[in-house]
1. Out of residues 5 or more away from residue 50 or on other chains, whose amide H comes under 5 Å of its own, with H placed 1.01 Å from N in the peptide plane?
2. To the nearest 0.05, how large is the calculated FRET efficiency for residue 166 and residue 186 if R₀ is 25 Å and r is the Cβ-Cβ distance?
3. Rounded, prolate or oblate: pick one for segment 1-53, where a ≥ b ≥ c are the square roots of the eigenvalues of its C-alpha gyration tensor, a/c under 1.5 means rounded, and failing that, prolate if a/b is larger than b/c, else oblate.
4. Which far-off residues, 5 or more places away or on another chain, put their amide H under 5 Å from the one on residue 3, with H placed in the peptide plane?
5. In what order, largest first, do 159, 84 sit by accessible area if the probe radius is 1.4 Å?
Amino acid sequence: NALVTPPANVKGNLYVEGASEDPVLAGVLAGAYASSALKAGIMPCMPCCALRETEIEYADTLVNQRALREYYLKPFEIAAFAAEGGAIVTSRAVLKGEYADVNGTLVHRWLCEELGREKFLLCDGTDAKAAVLGLRAGYALCIGASSAALETALQYDAELKSAVEKENVSLGTLEAARREGTAFPLEKLNEAAARTIDFALVCDKLQAAEKPDGEKKNAEEIA
């Protein structure tokens, strides 16, 4: 019971998808799609939340922090408040060698701290480490990611923890492996599973939940 809605990205050049060159108009349109889905009892998932290399390559000027906030990310901010409770899907586009769907700055400082979107963040990534880094960053679900890297990281974490207890490996080595994504603790996997279950339950309840006046409740009220 979830729907990937049209992207909120601004059309900064001819080579990227987007509804408009105007970030405000793009945000209003994306928010309208998402809020309409919520009213129909469907969980909206707004995709492609990222600054892509295609946008950087064909930009007329250097993309700085101000341009990122006021132009490229502005539509998502508008749409997020228009569709309170909907999910946001980060892009798997490559950004300076790092997959944008696991960009810690984008996830933690902007989506989580500034917009308060801790609960329903989805990762659209096919990179080998996307599942590990995405779940570590606090995503509710990783779409299209392989579980093989996650299983390997869980096993490696268990081996390192055992070595630390036997004093064969330093605690710093374990912490460094977790930061790099080569190791992933079991307790973090349990937290990620809980977020995924919460997301699934809200998607399921959205369809049946109605207010006394007949309007659908949004996802935040149900959660």
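The values are calculated or read from the model by the stated rules, or taken from the named source; none is laboratory data. No experiment lies behind these values; they were computed from the predicted model shown. No Cβ is skipped: glycine too gets one built from the backbone with ideal geometry, and neighbour counts run over all protein chains shown. Side chains included, ligands, DNA and RNA excluded: accessible areas come from the protein's heavy atoms. Shrake-Rupley method; radii C 1.70, N 1.55, O 1.52, S 1.80 Å.
1. Distant-sequence amide H within range of residue 50: 91.
2. On the way: r = 19 Å, r/R0 = 0.74.
Once the sixth-power term is evaluated, E becomes 0.85.
3. On the way: a/c = 3.27, a/b = 1.87, b/c = 1.75.
Prolate shape, in that a/c is at least 1.5 and a/b is the bigger ratio.
4. 43, 45
5. Details: 159 100, 84 80 Å².
Descending accessible area places them as 159, 84.
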